[in-house]
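Scroll down for the structure; my scribbles are underneath it.
The values are calculated or read from the model by the stated rules, or taken from the named source; none is laboratory data. Not measured: the values here are computed from a predicted model. Virtual Cβ from ideal backbone geometry, glycine too; neighbours counted across all protein chains shown.
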Amino acid sequence: MSQIKTTPITVVDSISKADFVKYYYKPQRPVLIKNLTKDWPAYEKWNLDYIQGLAGDQLVPLYNNVPTKGHKKSVVPAAEMKLYDYIEILKKGPTDLRMFFYNVLQKMPQLTKDFDYPDIGLPFFKKLPVMFFGSKGGKVLAHYDMDLADLMHVHFHGTKKVMLFHPNQAKYLYKVPYTVHNLETIDMDHPDFEKYPALRDAEGILAQMNHGDALYMPSGYWHYITYQDAGFSITLRAFPRSGKRLAKLFSNLLFMRNFENIMRRVKGEKWTDYKENKVLRDVNKKYDT
Ligand SMILES: O=C(O)CCC(=O)C(=O)O
């Protein structure tokens, strides 16, 4: 079966700060680091039972991959339930409900004692450690992070597969205008190359993550994620400090998201349909379809 082309990510057991900066941060190359978190208490402690034990009565928003249509905002929770109950569902699985961008500092500050910001040359922003939860088979739409942060993404409890794309691959990925993701109709695991021929030219990098593995995703890198087991991850972020990337960050956060939500409110489905047709037309015109 035809698949999107990928090469395996570089994997290192451990790395010095000087080497990380020289070989990965400065040139903006992804890398999977096996032992970065072995001395974190989280490495021994973090699993679904542990998080469930600390959940209390808190309610959490849950998201799925069903596109929001009509006049709704672009990101709207599909459900809300107690974290305890959600983890129960995850353990039984499968479910398409995911927890997304859950602010650990605000919601479960006791967890911050279990991890460290590695001294690896990334200027981490310590106020926004965020967690993600998913079920076996759960998929995260291919996207890049709107804030253009450099990301250290650490996985716990099970395994997950991450397909990464350099920002220069966006032209092959059918990015929807005024969003940071590609067309929701694309199945990145079984791509329809007749309908989306540009995907044939995309070249990704594949990372297989196990418990405790840390994945460095440079600024603007696209990621498409498949949970192979129920599990969860934490992402630590370092923001751009100057130049073009900082300007783009502000334009994404202040302009793009608001513009998209205004257009959805005013035009509803006509706007989303227009954009989806436009990206198909614009990308496919180079491919003689
Ligand atoms: O693993 C996930 O569920 C999503 C992770 C993600 O998109 C991120 O860290 O930016």
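When the range 24-60 is filtered for residues that are among the polar types (S, T, N, Q) and part of a loop (DSSP other than H, G, I, E, B), the ones remaining, listed by number, are GLN28, ASN35, THR37, ASN47, GLN58.
Among the residues of the range 133-143 satisfying the criterion of being near the ligand (Cβ under 9 Å from one of its atoms) and crowded, with 21+ Cβ neighbours inside 10 Å, which is nearest to GLU184 (Cα to Cα)? Filtering the range 133-143 for residues that are near the ligand (Cβ under 9 Å from one of its atoms) and crowded, with 21+ Cβ neighbours inside 10 Å, the one nearest to GLU184 (Cα to Cα) comes out as GLY138.
Going by what's in this entry, would LEU206 be described as in contact (Cβ under 8 Å) with a residue 24 or more places away in the chain and in contact with a Pro (Cβ under 8 Å, 6 or more places away or on another chain)? Here the answer is yes, as LEU206 does meet what is asked. If you go through the range 92-104 and keep only what is in contact (Cβ under 8 Å) with a residue 24 or more places away in the chain and out of contact with any helix residue (DSSP H, G or I) (no Cβ under 6 Å at 6 or more places or on another chain), you end up with GLY93, PRO94, ASP96, LEU97, ARG98, MET99, PHE100, PHE101, TYR102, ASN103. When you check VAL130 against the structure, is it touching a Ser or Thr at 6+ places or on another chain (Cβ under 8 Å), within 9 Å of the ligand (Cβ to nearest atom) and modelled with pLDDT of 95 or more, yes or no? Judged against the criteria, VAL130 is a match. For first residues located in the range 131-156 and among the acidic types (Asp, Glu), partners that are within 9 Å of the ligand (Cβ to nearest atom) and assigned to a strand (DSSP E or B) and lie 6+ apart or on another chain with Cβ distances below 9 Å form the pairs ASP145/LEU151; ASP145/MET217; ASP145/HIS223; ASP145/THR235; ASP145/ARG237; ASP147/ARG237; ASP150/MET217; ASP150/ARG237.
In the range 8-23, of all residues being surrounded by 13 or more Cβ atoms within 10 Å (Cβ to Cβ) and among the hydroxyl-bearing types (Ser, Thr, Tyr), the one that is farthest from PRO118 (Cα to Cα) corresponds to THR10.
Of the numbered criteria (1) within 16 Å of the ligand (Cβ to nearest atom); (2) part of a loop (DSSP other than H, G, I, E, B); (3) under 22 Å from MET209 (Cβ atoms), the one THR179 fails is (3).
Go through the range 144-172 and report how many residues are within 30 Å of GLY121 (Cβ to Cβ) and away from the ligand (no atom under 15 Å from the Cβ). Total meeting the criteria: 4. Does ASP114 satisfy the criteria of being surrounded by 14 or more Cβ atoms within 10 Å (Cβ to Cβ), farther than 30 Å from ALA202 by Cβ, in contact with a helix residue (DSSP H, G or I) (Cβ under 6 Å, 6 or more places away or on another chain) and touching a residue at least 24 places away in the same chain (Cβ under 8 Å)? Here the answer is yes, as ASP114 does meet what is asked.
Return the residues of the range 152-171 that are under 27 Å from PHE259 (Cβ atoms) and surrounded by fewer than 22 Cβ atoms within 10 Å (Cβ to Cβ); say none if nothing qualifies.
Result: HIS166, PRO167, ASN168, GLN169, ALA170, LYS171.
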